[in-house]
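Let me begin by presenting the structure, written as structure tokens, before commenting on it.
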Amino acid sequence: MKAITDTTEAGGADREASLTPKRWLKELADGERRRLMLATLAGLVVGLCTIVQMLLLAFIIDRLLTGAPEAPVGVFFVALVAVLVLRALAQWWQETTAQAASLAIRSRARAVLLDHLAALGPVKLASRHSAGLGSQLVEQVEALDGYFARFLPQLRLATALPLVILAIVLGLDWLAAVFLLLAAPLIPLFMALVGMGAQRLNQAQFAAVTRLSGHFLDRVRGITTLQLFGRTASAAEDVFGAADDYRARSMRTLRIAFLSSAVLEFFASVAIAVIAIYVGFGLLGYIEYGPAPSLSLFSGLTILLLAPEFFQPLRSLSQHYHDRAAALGAAEALVGILNETPPASVETQPEGDDSVDTPVRLTEVCVEHVGRGQVLGPLSLEVSRGEVIALAGPSGAGKSTLLQLIAGFVAPDQGRVEVMGEVRPAWMDQRPLVIKGTIADNLRLADTHASDDAMQKALSRAGLAELLARLPKGLETPVGERGAGLSGGQAQRLALARIFLSDAPLVLLDEPTASLDEGSEAEVAASLACLAEEGRTLLIATHHPALMAIADRVISIEAGQVVEEASA
């Protein structure tokens with residue numbers, strides 16, 4: 001038997017260990033540290049090849065203009081071509097390795113998010129729009145790509161390569177090295193200032209697209225109602241207004257990106273121009289301060305060729321800094337999901353207890369909802385194996401919460417819940433899930449390997465045999481999202497057929513006959529009685545006498561507490 005206990009202490013620990021966007025991104029990067037390091041090494045090879053390329057160019061030009069006619073420049077041309085080939089290969093290696101690391105990280109991030117959403121369960125996710133969640137799992141996870149594929153490798157290269165170039169320039173002319181050293185901090189400074197604003201804009205942009213996704217899906221789902229009441233034009237205007245707001249936010253983010261790039265290019269260009277003026281006047285003999293008189297054509301050309309390469313890693317980092325801002329903006333919303341505490345996890349109890357005879361036991365459980373206070377409890381309940389229990393009571397009495405508690409969708413704020421088995425029980429909600437696909441696709445949610453015969457038998461037991469016989473495509477008949485193409489009762493019975501197809505020993509049903517007429521209700525009640533005869537344990541929240549008639553016990557609940565218990 002597995003137990004769910006009071007989780008107040010565990011919830012406090014979870015809050016203390018709440019993820020932050022930076023910490024989550026770091027944890028994701030640590031999982032692909034090897035590939036990211038290889039991408040960085042490949043980028044370092046690219047940078048070193050570029051430095052060697054500039055040195056060879058300066059040497060070749062110097063030999064051609066000032067060297068003896070027999071100077072062996074051909075050898076240096078061959079070396080230059082070899083360096084260019086090596087640089088191209090290293091650049092390809094860097095791109096492919098970084099993209100592979102980013103793809104693996106995004107796949108793992110989606111898996112973590114999907115697992116956490118599954119752990120949160122339907123009750124915790126009731127406040128989130130499905131379209132918003134879909135947008136986050138697709139677009140916001142994709143927004144992490146640039147951070148891992150480009151920003152992280154470039155972050156290390158922006159430190160290493162400028163230091164190598166600075167050391168070379170320092171050996172040739174210390175005054176030119178001073179110019180580079182003075183200009184270098186300006187780029188990271190403005191990059192950080194602009195990046196902070198870009199991160200806030202990206203957060204707002206992702207929030208806007210999440211709202212837009214939900215807004216659009218709501219209008220699409222309600223298109224029939226909008227047409228009936230003649231509100232399609234105003235709904236279209238609403239969607240257009242939301243889309244235009246997203247457009248304005250996107251353009252604002254792009255404006256910041258272009259502005260920051262212009263500022264960074266300006267400072268880099270000014271610094272390169274200052275060095276060019278210094279080298280030019282030094283070679284002409286107009287500057288006699290410091291090392292200027294000793295400048296040669298080779299040293300001057302080398303400094304001029306390396307100056308743009310000194311700023312290139314920093315400029316690339318500034319371009320990818322917007323990838324960082326986008327990733328932090330996306331991670332802010334994704335971490336918000338991960339920081340939601342799921343219902344209490346279950347722990348296996350030692351063998352030899354009485355779980356065979358008492359598969360469900362609740363001891364003084366209480367459940368509270370934010371804004372509503374205590375909605376269930378204190379309540380104690382024991383359910384015997386193979387027993388059918390009907391939970392009766394007015395709407396809002398706590399029947400659904402009790403079923404959700406046993407299913408593990410919510411955790412008790414006080415008390416203890418013990419449920420048999422290692423798998424979750426079969427569950428049927430008041431609004432059953434029907435996905436877009438075929439009837440067979442919907443049934444296979446309960447058993448992915450179910451045969452056609454088993455599915456037909458389940459449909460027959462749910463009272464859908466006549467409908468199935470009328471359908472030309474049978475099990476392959478398509479149905480729309482939320483049961484479009486089926487009546488409310490047919491969708492209810494399709495969900496009920498999944499229960500029959502499942503082999504779960506514990507079955508929880510919340511108003512399973514809510515949309516059925518009396519005849520269909522009687523058929524479903526007879527089918528549920530057959531489930532009980534198979535030895536399954538049933539807990540049914542219902543108002544209908546036909547279901548209460550098949551119960552071994554009827555438990556009346558009011559204000560979250562048991563007020564009456566009667567045996568059939």
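The values are calculated or read from the model by the stated rules, or taken from the named source; none is laboratory data. It should be emphasised that the depicted structure is a prediction, and the values quoted were computed from it without experimental measurement. We place every Cβ from the backbone using ideal geometry, glycine too, and count neighbours over all the protein chains shown.
Computed values, structure above
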| quantity | calculated |
| --- | --- |
| Members of segment 295-322 found to be of a type in the set (A, V, I, L, M), in a helix (DSSP H, G or I), in contact with an Asp or Glu (Cβ under 7 Å, 6 or more places away or on another chain) and surrounded by 18 or more Cβ atoms within 10 Å (Cβ to Cβ), listed by number | Leu301, Ile303 |
| Pick from segment 133-156, criterion of a type in the set (A, V, I, L, M, F, W, C) and over 17 Å from the mean Cα position of the chain (by Cα), ranking: farthest from Phe311 (Cα to Cα) | Ala149 |
| Residue that is modelled with the highest pLDDT [pool: residues in segment 515-549 that are touching a Gly at 6+ places or on another chain (Cβ under 7 Å) and hydrophobic (A, V, I, L, M, F, W, C)] | Ala532 |
| Complete set of residues in segment 377-431 that are at positive phi and of a type outside the set (Gly, Ala, Ser) | none |
| Within segment 150-185, tally of residues that are in contact (Cβ under 8 Å) with a residue 60 or more places away in the chain, part of a helix (DSSP H, G or I) and small (Gly, Ala, Ser) | 4 |
| Odd one out for Ser213 among (1) within 30 Å of Leu405 (Cβ to Cβ); (2) at pLDDT below 75; (3) touching a helix residue (DSSP H, G or I) at 6+ places or on another chain (Cβ under 7 Å) | (1) |
| Residues satisfying the stated conditions in segment 456-472, i.e. charged (D, E, K, R) and either touching a helix residue (DSSP H, G or I) at 6+ places or on another chain (Cβ under 6 Å) or free of Cβ contacts under 8 Å to residues at least 24 places away in the same chain (or both) | Arg461, Glu466, Arg470 |
| Selected residue [among the aliphatic types (A, V, I, L, M), assigned to a helix (DSSP H, G or I), assigned by TED's automatic domain parsing to the domain that holds Leu117 and more than 29 Å from Leu56 (Cβ to Cβ)] from Ala325, Ala273 | Ala325 |
| Those residues of segment 91-129 which are modelled with pLDDT of 90 or more, over 14 Å from the mean Cα position of the chain (by Cα) and of a type in the set (A, V, I, L, M), in sequence order | Ala98, Ala100, Ala101 |
| Exclusive hit being in the same structural domain as Val434 (by TED's automatic domain parsing) and buried (at least 16 other Cβ atoms within 10 Å of the Cβ), set Ser487, Ser502 | Ser502 |
| Only listed residue being free of Cβ contacts under 8 Å to residues at least 40 places away in the same chain and in contact with a strand residue (DSSP E or B) (Cβ under 8 Å, 6 or more places away or on another chain), chosen from Thr448, Thr477, Thr438 | Thr477 |
| Every residue from segment 377-420 that is part of a loop (DSSP other than H, G, I, E, B), within 37 Å of the chain's Cα centre (by Cα) and crowded, with 16+ Cβ neighbours inside 10 Å | Ala397, Gly398, Gly408, Phe409, Val410, Ala411, Pro412, Asp413, Met420 |
